[in-house]
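The values are calculated or read from the model by the stated rules, or taken from the named source; none is laboratory data. Because the structure is predicted, anything quoted here is derived from the model rather than measured. Here the Cβ is made from the backbone with ideal geometry for all residues, glycine too, and neighbour counts use every protein chain on show. Quick note on the areas: whole protein, heavy atoms, side chains included, nothing else; ligands and nucleic acids left out. Shrake-Rupley method; radii C 1.70, N 1.55, O 1.52, S 1.80 Å.
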Amino acid sequence: MLKGLRQQTKVVHEQLHHHSHFVALFEQTIDLQKYRDLLERFYGFYAALDDAIALSIDVSADAMGGFRYAKRAGLFAQDLRSLGLTPAKIALIPRCDRMFDVVTPATLAGVLYVIEGSTLGAAQIDRAAQKLLSKDTENGRQFWAWSRAQNKIRWSMTLDYILHLDASDAAQSPVINGANHTFQALADWLAPLDQPIRLMESAHS
């Protein structure tokens, strides 16, 4: 199942790597407002995703093979407060309710493959965010720092869960669909922020 997940999610996965805000963060050409905009979009995505996963785990807890999910929206909320957003404004941030359709007990492993796998790239993002914020504390980057610290254990639990499903002969197709739909939902959710690289380059020429 893991090989199928890797092969069949490659294209949509690659889309996210080229998002202009991530490129700008790595190149240190992003400003604080755009960085905060990025965190707001992630908060809206994870606020819905955390609740959707909680509902599916309640249904499929016996089939989780020891996996335990850790909610993340609260970390983004802390980061946004550090960057000047009030709790009232955070409460008004739109949420990606599409995830309630994506996450089901049958697709959950694919969803987690995406979400927990994303923590593996946290070190690079965290270093870039730390440089941007010019702070020794984790304020404004608590999510990235948490992901960086937790990625090995989170990914190990996810692999164990997928292997557990393989051993139980669970259907592979819904899992792969869950991964693809999660990647695509995140890409679509972040799309309003995306600016073609060629436009960014011309602005600096």
> In the range 186-197, is there at least one residue being acidic (Asp, Glu) and more than 18 Å from the chain's Cα centre (by Cα)?
Replying inline: no
>> Condition first: closer than 15 Å to LEU112 by Cα, outside any helix (DSSP H, G or I) and of a type in the set (A, V, I, L, M). Can you find one or more residues in the range 9-30 that meet it?
In response: no
>> Just to be sure I understand the filter: pairs with C-beta atoms under 6 Å, separated by 6 or more residues or on different chains, first member in the range 89-106 and within 18 Å of ASN177 (Cβ to Cβ) and free of Cβ contacts under 8 Å to residues at least 60 places away in the same chain, second member among the small types (Gly, Ala, Ser) and not in a loop (DSSP other than H, G, I, E, B). Which pairs pass?
In response: PHE100/ALA52; PRO105/SER56; PRO105/SER60
> Is one or more of the residues making up the range 136-144 open to solvent by 60 Å² or more (accessible area, probe 1.4 Å), aromatic (Phe, Trp, Tyr) and closer than 26 Å to ALA52 by Cβ?
Replying inline: no
> If you scan the range 92-107, which residues turn out to be at pLDDT 95 or above, aliphatic (A, V, I, L, M) and either under 18 Å from MET64 (Cβ atoms) or touching a helix residue (DSSP H, G or I) at 6+ places or on another chain (Cβ under 9 Å) (or both)?
Replying inline: ILE93, MET99, VAL102, VAL103
>> For the range 14-31, check the following and say yes or no: at least one residue is within 19 Å of GLN130 (Cα to Cα), surrounded by fewer than 20 Cβ atoms within 10 Å (Cβ to Cβ), touching a residue at least 60 places away in the same chain (Cβ under 8 Å) and among the aliphatic types (A, V, I, L, M).
In response: yes
>> Among the listed residues ASP160, ASP79, ASP169, ASP136, identify the single one that is of a type outside the set (Gly, Ala, Ser) and on the phi > 0 side of the Ramachandran plot.
In response: ASP169
>> Going residue by residue through the range 105-126, is there one that turns out to be polar (S, T, N, Q) and over 17 Å from the mean Cα position of the chain (by Cα)?
In response: no
> What number of residues within the range 124-158 are among the aliphatic types (A, V, I, L, M) and within 26 Å of GLY4 (Cα to Cα)?
Replying inline: 2
> Is there any pair with a first residue in the range 123-147 that is free of Cβ contacts under 8 Å to residues at least 24 places away in the same chain and a second that is of a type in the set (A, V, I, L, M, F, W, C) whose Cβ atoms are under 7 Å apart and which are 6 or more apart or on different chains, and what are they?
Replying inline: ASP126/TRP144; ASP126/ALA145; GLU138/ALA145; TRP144/ALA122; TRP144/ILE125; TRP144/ALA129
>> Among the residues in the range 189-205, are any open to solvent by 60 Å² or more (accessible area, probe 1.4 Å), out of contact with any helix residue (DSSP H, G or I) (no Cβ under 8 Å at 6 or more places or on another chain) and at pLDDT 85 or above?
In response: no
